1. Hey, if you drop one equal point scatterer on each alpha-carbon of region A:288-361 and run the Debye formula without solvent, what base-10 log of I(q)/I(0) do you get at q = 0.14, 0.28 Å⁻¹?
2. How charged is the neighbourhood of A:Val318? Take every other residue with its Cβ under 11 Å from the Cβ of A:Val318, and add Lys/Arg as +1 and Asp/Glu as -1.
3. For A:Asp200, what residues show an amide H to amide H distance below 5 Å, using hydrogens built from the backbone and excluding near sequence neighbours?
4. Taking θ = phi - 60°, what integer Hz values does the Karplus form 6.51 cos²θ - 1.76 cosθ + 1.60 yield along region A:270-279, in sequence order, with x for Gly and Pro?
5. In nm, give the distance between the simple-model label positions of A:Lys367 and B:Leu77, each being 7 Å from the Cα along the Cα-to-Cβ direction.
6. Could you sort out which of A:Lys84/A:Lys270; A:Lys135/A:Lys270; A:Lys357/B:Lys8 sit more than 27 Å apart by Cα distance in this structure?
7. For A:Leu297 and B:Glu88, what does the FRET efficiency come to when R0 = 22 Å and r is the distance between their Cβ atoms, rounded to the nearest 0.05?
8. Let me have the 222 nm mean residue ellipticity of chain A computed from DSSP H runs of 4+ only, each contributing -39500 (n - 2.57), with the sum over all residues rounded to the nearest 500.
Amino acid sequence: MTDTAASLRTTPLHARHRASGARMVPYAGWEMPVEYSGIVNEHLAVRSRAGLFDVSHMGEIEVAGKGALEAVQRVSSNDAAALKVGQAQYAGLLTPEGTFIDDMLVYRMGPSHFMLVVNAANTVKDFAWISEQVKLTGDAACVDSSSRYALLAIQGPAARDVLQPLTGVELSDIRYYWFSYGEVAAARVTISRTGYTGEDGYEIFVPPNMADRVWQALLESGRHADVIPCGLGARDTLRLEAAMRLYGNDIDESTTVLEAGLGWTIGWKKSDFIGRERLLEQKERGLARTLVGFEMLERGIARQGYAVLHQGNRVGQVTSGTQTPFLKKAIGMAYVPTAFSTPGSQIEIDVRGRVTKAQVVPLPFYKRVMGSGVI
Amino acid sequence: MPYPADRKYTKDHEWIRLNGEIAEVGITDFAQDQLGDVVFVELPDPGRRVTAGESFGSIESVKAVSELFAPMSGEVLEVNPTLKDHPEAVNATPHETWMVKVRLSDPEATGSLLDSSQYEALTRT
């Protein structure tokens, strides 16, 4: 082990991952499982049955107090006032330029209590920024509570059947992007019907000392359905098929919400938020570039950073790309000039010196068939 | 998985099995395990010359792309036709799945290559 490895942070399930034979890699300052049985196998398990993920590296930042709503409204792109207690929404944490400091889920825990779930790599930066903004609005406190939670995600069509026997919470009562409190395997948890895979499923906030117990209980409960543990590799291919943006790839401090195709996360109706003015300008002026999905038409796999060409000229850059296990196609996302952003537009990708044909397609690449459940 | 003694290995995790002046080249079990699920193998056309230590193709897994380096110099005679539709054969049987057959320009030039026990020691460090 090198010094670098020694300084990586670990989740409460670290020993379990190692003992189970997971391949561990450094990710965002953490040593995390990238795969257990193979990315393809894990990806297909989530699409067809269910998979279990340890995403305890994610950060949690809580804002509470009389001024909490005002503070969250200021830092979040979305309209937190539209949230009922027990509801969550996706949002951007924006710079004054309308670009992404991070993306996050905003949970309304109480009328004046919010929890922001943020990316591991950004937690420190986000907390510093949010704290500063909270101070300006006053009468609210901001706490980095990341160490108080382990976070497990059970994702896939069988997720509810696997989780339900372990809890008294009636899962069919939790609608998509809502959450509830209760016990899972006798641990006090928050159960959120959210995820990052494009499948139905739950994310469970667990006290760290109960994480292994809940993890084992979920695998045991899912054994009959062949539910398997999954790593960050499958999480990445799953989220890409579902066209969910990844911070550091598809969005960052140089890309605006509108360019990223996430205009639906902007609460235009609320009075103000950081970044609003620039986004409004950009909306009125029109976008020079926009994030699109593409499929390769010739053999080759586009990867992050590859150039997008049009008639031989460099016009953009790939932000994410892979060969997807479920759709069995080489797909990706890229920023391209708006003129080439309509589905059907022909582009080329420079695959390590080889000009390879691709075509813009509508997002998402994969959309699950909704069941009859309450969604 | 044991490393067969009937061939030589590179530090870049390729194997080469010599049969006179003809050699088969593939990647090791260690390499396929590190790569994960292989989805695409890009290989040179027959007739192309390859040079020891230089890239002659690439192998892509779901998560990443890696270069393939020629263990020895020569001319590509044949490319394994199985790999076009079944790249996963590299994961299943790495030591049976040759990628290219090469006519070596100097079959004696094996000096910098490792034998199986040296290679196995390398994978344990």
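1. Evaluating at q = 0.14, 0.28 Å⁻¹ gives log10 I(q)/I(0) of -0.33, -1.41.
2. Charge balance near A:Val318 sits at -1.
3. Residues meeting the criterion, in which the H sits 1.01 Å from N, are A:Gly156.
4. Those phi angles translate into 6, 4, 7, 7, 5, x, 4, 4, 5, 5 Hz.
5. Result for the modelled spin labels: 5.4 nm.
6. Pairs exceeding the cut-off: A:Lys357/B:Lys8.
7. 0.45
8. Value at 222 nm, helices only, nearest 500: -6000 deg cm²/dmol.
Each reported figure results from applying straightforward, stated rules to the coordinates on display, with no laboratory input. Treat the numbers as computed from the prediction; the structure is a model and nothing was measured. Don't worry about glycine lacking a Cβ; one is built from the backbone with ideal geometry, like all the others, and counts go over all protein chains shown.
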